[in-house]
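The values are calculated or read from the model by the stated rules, or taken from the named source; none is laboratory data. Here the structure is a predicted model, which is why all the values come from computation and not from measurement. Neighbour counts are summed over all protein chains in view; Cβ atoms, including those assigned to glycine, are modelled from backbone coordinates with ideal geometry.
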Amino acid sequence: MIRLPWMRIGGWATLALVLLFLIGPFAVIIGAALNAGTVPAFPPQGISLRWVVAVFEVQSFRASFFLSVWLAVGSTLAALVLGVPVAYALARYPVPGKEAVRAVVTAPVVVPGIIVGLALLRHAVVPLGVPVMEALFLAHTALLLPYAVRVVAASLENLRPDIEEAAVMLGATRLGAFLRVVLPNIRNGILAAFILGFVTSFNQVPVSLFLTGPGVSTLPIDMLAYMEFTYDPSVAALSALLALMSLAVVLVAERLLGISRFV
Amino acid sequence: MHSIGEEMIRTVLAAGALALLAAGPAAAQTTLTVSGFGIAQDQFRRILYAPFEAQCGCKIAVEAGNSAERLAKMEARRANPEIDIAVLSDADAMIARTKDLIEPIDVAKLSNHARLYDIAKDPIGGNLAVGYTFYNTSIVYRSDKVKIESWKDLWKPELKGRLALPNITTTQGPLLLFMTDRAFGGSGGAFTTAIDRIAEVKPNVVTFYERSAQLLQLFQQDEIWAAPLGRFNWANIKKLNMPLAWATPTEGQTGGINVMVVTKNGKNRELALRFMDMWLSTDIQTKLAMELVDSPANKEVVLPADVADNLTFGPETVNAVRLIPPADVIANRDAWLAGWNAKVAR
Amino acid sequence: MFQDRRIGLALVLPATLFLLAGFVLPVLVLLSGSLQGPGGWSFDAYVRFFAVPLHQEVFWRTVRLGVLVTLTCAVVGYAAAFAIVNTAPSARGKLIGLLILPLMISPVARTYAWIVILGRTGLVNQALQGLGLADGPVRLLFTETAVFIGLVQLFLPLMVLTLVSALENLPADVMSAARVLGAGWIQTFVRVVLPLTREGLVIGGTLVFTGAVTAYITPAVLGGSRVLMLETLLYQRVSVAGDIVSGSVIAAILVVMSYTTNVLLRRIAAGRGR
């Protein structure tokens, strides 16, 4: 491609502006988190860690943080357990009604989250008396399934079927071939799916909005509720901590897997 | 389609739920489930929940949120209630009553009932609720920018783009209609005068707020100079260290009672009553007042002047609050919503 | 070896049944609720829903913001994607990492930052007044502008990422060829680049549009009650007013909107190809 000097400069300027727009707000939130005053402000009025410390003292944040972590881990694992076989079958086997299966498996992406929450609450959770925690778990698993299938399918595409065939010819069972040959080769895809699933579940709001209940609240829902009744920089501090946590996840994931290929 | 659908859902979910239950935490203790406002939950835990848990050997689980949303959840789960005791605004308790979501409280079992101010003893009738705190509602304003001496002053042109009003869906919304109607000589009932007036001032309104904490942010960022709000925010407003004043309008101040109700067919009635009784005790009511969490409904509470000044405290203050008669709320709520949606919301 | 249909079926069955029962069915039951009138099936609920002026306004605002956000992301997205593709491969990975970062951060944190930035005393207003572009503070919070800004930040990375992979697949010499044949830059873009990256644009556009019309937190926090969008209206109708019928009508509108956008954009992409 032809590169002219003005294009290079223009390109860098555009990029710088776009990145400033996308990432700048997080710098602001970190600044507001370090504010010494009693209300969120940027630029901060004096630097202090008091609000960062305060986050750890809010009891409900602690409870909902751990709940969110467990929910994210559990529902991602469940989505993988259900989703990996689907991705594998769609890549290898003649599945009857392949297109219908594909449609059902991608359906949760098409339906807006708030509708998922409402539908599950009214037509599954309430009539069947499903407890709150289980309801959240089922909803998040459904939500993550399409991601699990898509990401694992992408890494299966690069794996030629003949090495499995070779393994079977050499005496391995189908299951043995899958576990020994396929699984190690799509390990990175599964890890990428796990990270994406974890992050999606951890940050999820609309689906959880209708499904949280007494004593069971996810972290983002809890943050919204806290913002409803209290106005101090602790939400900024918590946001900053979460932003740094995400940064760490992205760095690790990029280093380990080059996760950018899967998003 | 309905029943077949649910049948199918049931079968598959049951299998999933079973697997989960095996892994889930075992429920060893009785849990009392309280639906409350999200405000000051850390203080409540320290002052009320923890001592109660120690005393009863049970656990308290809290669902926090605003009154209307929690009421909607109670209704959705009517057949299988999770909440034992709910804390609502008086108006929402009335709605809960008409929807048959709550049951009468055996006040004879509340040793502290006699210590309450009279209007807190049976605020919605039928012993269906007990008041635990009052608040008055007036206008908070920037004393360096405007002067507010009447509810009509919210219509002053200098408040253009600097005014926040409560949304009709909040507890404070109907209170605004109530005082506006009085101020402009309306005839009450459907509050048509008030709704027309608010539609007029709409271009000046920055937002119709749904969360009172939002007002702190709006004042602090200089977005607004005046807003009607409840006294329970006053302690936090003062922390902003801005020239903000509490108006005493010529038409008077309005306000409300927050009440406790017992869910119909709840699982832990006895425990719920014990919890209520503890909350109404002079000791707990004093502690909550000292931390400016709630104004006391127990008339035996004694407070130092500086604390009392931040709250709605004492017989005179309590009696001066103009409450919307509960029956009016039930009779006209739909008309208010319809009028507001037609003229103000769009 | 991979001929056995029964194994294929057995592998897809658990997930498919789980989603059918635990997801598709409840959603369909909810949506069908919007089509039930007093005497059986009817569009009654829709007629009554759209008879309310506020609901019409919210509907058009949602469509308008969706289209504006999609167009903005497309224009800015092409510029940014071109710049990224033109960098050295080593820098490209880092840039893409930076683009992914905001996607990974809690949307609650994201919108919270905009409250601090867009307020009357916030950074934007300080800058506007500092540069002499505004006399007094400009009100940005609780306006469509604030929601627009929040949504663009939320969805721009998706557009850039899809366009980057589309541009990477562009044969290296097509642009040079077009230039050699005397086409201007704009002509090259419209005649050569656009048709060849059409699919990426369609995928990105679908993601951005459906994302924008179904976003919840951004309009809830930055728009408030005066800038309702369909999703915030749905929550308000259901949660505060207990109006399930309007809720299912909005749900149906949103699902139909997401679905038709998918189909329509795919159609356009295919049609242009011929």
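General remarks:
- Output for segment C:234-251, where each listed residue is among the hydrophobic types (A, V, I, L, M, F, W, C), within 10 Å of another protein chain (Cβ to nearest Cβ) and either within 15 Å of the chain's Cα centre (by Cα) or surrounded by 21 or more Cβ atoms within 10 Å (Cβ to Cβ) (or both): C:Leu234, C:Val238, C:Ile250, C:Ala251
Yes/no matrix, rows are residues, columns are (1) surrounded by 16 or more Cβ atoms within 10 Å (Cβ to Cβ); (2) over 30 Å from C:Val152 (Cβ atoms); (3) more than 8 Å from chain A (Cβ to nearest Cβ):
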{"residue": "C:Leu19", "(1), (2), (3)": "yes, yes, no"}
{"residue": "C:Phe23", "(1), (2), (3)": "yes, yes, no"}
{"residue": "C:Pro26", "(1), (2), (3)": "yes, yes, no"}
{"residue": "C:Gly40", "(1), (2), (3)": "no, yes, yes"}
{"residue": "C:Phe43", "(1), (2), (3)": "no, yes, yes"}
{"residue": "C:Phe49", "(1), (2), (3)": "yes, no, yes"}
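- Of the candidates C:Leu265, C:Leu228, C:Leu234, the single residue that is at pLDDT below 90, assigned by TED's automatic domain parsing to the domain that holds C:Glu57 and out of contact with any strand residue (DSSP E or B) (no Cβ under 6 Å at 6 or more places or on another chain) is C:Leu265.
- Any hit, segment A:52-69, residues being within 26 Å of the chain's Cα centre (by Cα) and within 11 Å of chain C (Cβ to nearest Cβ): yes
- Residue that is modelled with the lowest pLDDT [pool: residues in segment A:235-263 that are part of a loop (DSSP other than H, G, I, E, B) and within 8 Å of chain C (Cβ to nearest Cβ)]: A:Val263
- Some residue of segment A:81-99 being without any contact (Cβ under 8 Å) to a residue 40 or more places away in the chain, surrounded by 17 or more Cβ atoms within 10 Å (Cβ to Cβ) and not in a helix (DSSP H, G or I): yes
- Any hit, segment A:226-234, residues being more than 22 Å from A:Phe26 (Cβ to Cβ), at the interface with chain B (Cβ under 10 Å from one of its Cβ atoms), touching a residue at least 40 places away in the same chain (Cβ under 8 Å) and surrounded by fewer than 24 Cβ atoms within 10 Å (Cβ to Cβ): no
- Screening A:Ala135 with (1) surrounded by fewer than 19 Cβ atoms within 10 Å (Cβ to Cβ); (2) part of a helix (DSSP H, G or I); (3) not acidic (Asp, Glu) gives one miss only, at (1).
- For segment A:103-110, the count of residues that are modelled with pLDDT of 85 or more, in a helix (DSSP H, G or I), within 10 Å of chain C (Cβ to nearest Cβ) and under 27 Å from B:Arg77 (Cβ atoms) is at least one.
- Looking across C:Leu222, C:Leu167, C:Leu207, one residue alone is more than 9 Å from chain A (Cβ to nearest Cβ), assigned to a helix (DSSP H, G or I), buried (at least 16 other Cβ atoms within 10 Å of the Cβ) and modelled with pLDDT of 90 or more. It is C:Leu222.
- C:Val249 being hydrophobic (A, V, I, L, M, F, W, C) and over 30 Å from B:Val201 (Cα atoms): yes
- B:Ala308 farther than 27 Å from B:Gly38 by Cα and either assigned by TED's automatic domain parsing to the domain that holds B:Met276 or more than 19 Å from the chain's Cα centre (by Cα) (or both): no
- Qualifying residues in segment B:195-209 (those that are surrounded by fewer than 21 Cβ atoms within 10 Å (Cβ to Cβ) and within 14 Å of another protein chain (Cβ to nearest Cβ)) - the one farthest from B:Gln253 (Cα to Cα): B:Pro203
- For segment B:179-194, taking the residues that are surrounded by 24 or more Cβ atoms within 10 Å (Cβ to Cβ) and touching a residue at least 24 places away in the same chain (Cβ under 8 Å), the one that is farthest from B:Phe232 (Cα to Cα) is identified as B:Phe191.
- Residue that is surrounded by the most Cβ atoms within 10 Å (Cβ to Cβ), among those in segment B:27-41 that are under 21 Å from A:Val130 (Cα atoms) and more than 9 Å from every other protein chain (Cβ to nearest Cβ): B:Leu32
- Residues of segment C:110-164 classified as within 14 Å of chain B (Cβ to nearest Cβ), under 22 Å from C:Leu71 (Cα atoms) and assigned to a helix (DSSP H, G or I), total: 6
- Residue in segment B:198-214 that is without any contact (Cβ under 8 Å) to a residue 12 or more places away in the chain and of a type in the set (D, E, K, R) present: no
- For segment A:168-181, the criterion of being within 22 Å of the chain's Cα centre (by Cα), of a type in the set (Gly, Ala, Ser) and either farther than 29 Å from C:Leu230 by Cβ or buried (at least 23 other Cβ atoms within 10 Å of the Cβ) (or both) is met by no residue.
- Filtered by the rule that a residue be surrounded by fewer than 17 Cβ atoms within 10 Å (Cβ to Cβ) and assigned to a helix (DSSP H, G or I), segment B:308-326 gives B:Asp309, B:Pro315, B:Glu316, B:Asn319, B:Ala320.
- Helices (runs of 4 or more DSSP H) wholly inside segment B:189-298 containing at least 1 residues that are in contact with a Gly (Cβ under 7 Å, 6 or more places away or on another chain) and closer than 24 Å to B:Ile102 by Cα: B:269-280
- Selection count, segment B:157-183, where residues are aliphatic (A, V, I, L, M), in contact with an Asp or Glu (Cβ under 9 Å, 6 or more places away or on another chain) and assigned to a helix (DSSP H, G or I): 3
- Within the option set A:Leu209, A:Leu196, A:Leu179, being in a helix (DSSP H, G or I), within 14 Å of chain B (Cβ to nearest Cβ) and among the hydrophobic types (A, V, I, L, M, F, W, C) holds for one residue only, A:Leu209.
- Selection count where residues are at the interface with another protein chain (Cβ under 7 Å from one of its Cβ atoms) and crowded, with 22+ Cβ neighbours inside 10 Å, scope segment B:42-65: 3
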